[in-house]
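Taking it in order: structure first as structure tokens, then the write-up.
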Amino acid sequence: WMVYQGSVPKASAALGISQEALRDSRREVVRCAHVVRKAVAARSAGDPVTVGTLLGCLPVEGNEDGSWARALSVAVVRAGGFGKVTAASMAEVTGYSLNTCRQYVVEAHWLLQVARTVLEGVETA
């Protein structure tokens, strides 16, 4: 991306992926970076690993791409957790489409796992 001075057409052609896939990938990386930054700050502050701390690591409404992750995660928690919800049940609760919920439930869960890993200080080899 940066090698091509932000030119999506050039970068996508060089990487052999669609422009849409490149944009989506960039958004996912930026979203993850925001979560990691907040989780590192929370860990440095000695914050405990709680649902509130984890939710606090997710993007903030209006300020960061992916603010839906926090709203959806709160809805999931209220419904009993990720193991007890379906995309269909979340679509009913949130008003998002079924396909959007399929994507958002998976991504919100992943972002929370990233935050938890950072907060717990789990290191990989």
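Going through segment 10-31 one residue at a time, which ones are within 15 Å of Ala108 (Cα to Cα) and among the basic types (Lys, Arg)? Matches in segment 10-31: Arg27, Arg31.
Which of the residues belonging to segment 26-53 are of a type in the set (Gly, Ala, Ser) and either more than 30 Å from Gly6 (Cβ to Cβ) or in a loop (DSSP other than H, G, I, E, B) (or both)? Scanning segment 26-53 gives Ala42, Ser44, Ala45, Gly46, Gly52. For the structure I just gave you, tell me whether Val8 is among the β-branched types (Val, Ile, Thr) and either over 24 Å from Leu119 (Cα atoms) or in contact with a Phe, Trp or Tyr (Cβ under 7 Å, 6 or more places away or on another chain) (or both). Yes; evaluated as a whole, the condition is true for this residue. Has segment 56-66 got at least one residue that is over 12 Å from Arg116 (Cβ atoms), acidic (Asp, Glu) and touching a residue at least 12 places away in the same chain (Cβ under 8 Å)? Checking segment 56-66: at least one residue is over 12 Å from Arg116 (Cβ atoms), acidic (Asp, Glu) and touching a residue at least 12 places away in the same chain (Cβ under 8 Å). Scanning segment 88-104 for residues that are assigned to a loop (DSSP other than H, G, I, E, B) and surrounded by 15 or more Cβ atoms within 10 Å (Cβ to Cβ) gives a single hit, Tyr96. From the list Ala39, Ala14, the one residue that fits, being of a type in the set (Gly, Ala, Ser) and under 18 Å from the mean Cα position of the chain (by Cα), is Ala39.
The rows are residues; the columns are (1) within 20 Å of Val29 (Cβ to Cβ); (2) among the aromatic types (Phe, Trp, Tyr); (3) surrounded by 16 or more Cβ atoms within 10 Å (Cβ to Cβ).
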position	(1), (2), (3)
Pro48	no, no, no
Glu61	no, no, no
Ser67	yes, no, no
Thr86	no, no, no
Val106	yes, no, no
Trp110	yes, yes, no
Thr117	yes, no, no
Glu120	no, no, no
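Here Ala108, Ala88, Ala75 are screened, and the one residue that is more than 22 Å from Ala41 (Cβ to Cβ) and touching a Ser or Thr at 6+ places or on another chain (Cβ under 7 Å) is Ala75. Val76 - would you say it is under 28 Å from Thr94 (Cβ atoms) and part of a loop (DSSP other than H, G, I, E, B)? Answer is no for this residue.
With respect to the numbered conditions (1) out of contact with any Ser or Thr (no Cβ under 6 Å at 6 or more places or on another chain); (2) at negative phi, which one is the sole condition not fulfilled by Gly16? If we test Gly16 against (1) out of contact with any Ser or Thr (no Cβ under 6 Å at 6 or more places or on another chain); (2) at negative phi, just (2) comes out false. Take the conditions assigned to a loop (DSSP other than H, G, I, E, B) and under 18 Å from the mean Cα position of the chain (by Cα) and apply them to Pro59. Does it pass? Answer is yes for this residue.
Coordinate-derived values only; no laboratory data. Since the model is a prediction, treat every value here as computed from it, not as a measurement. With ideal geometry, Cβ positions are generated from the backbone for all residues, glycine too; neighbour counts draw on all protein chains shown.
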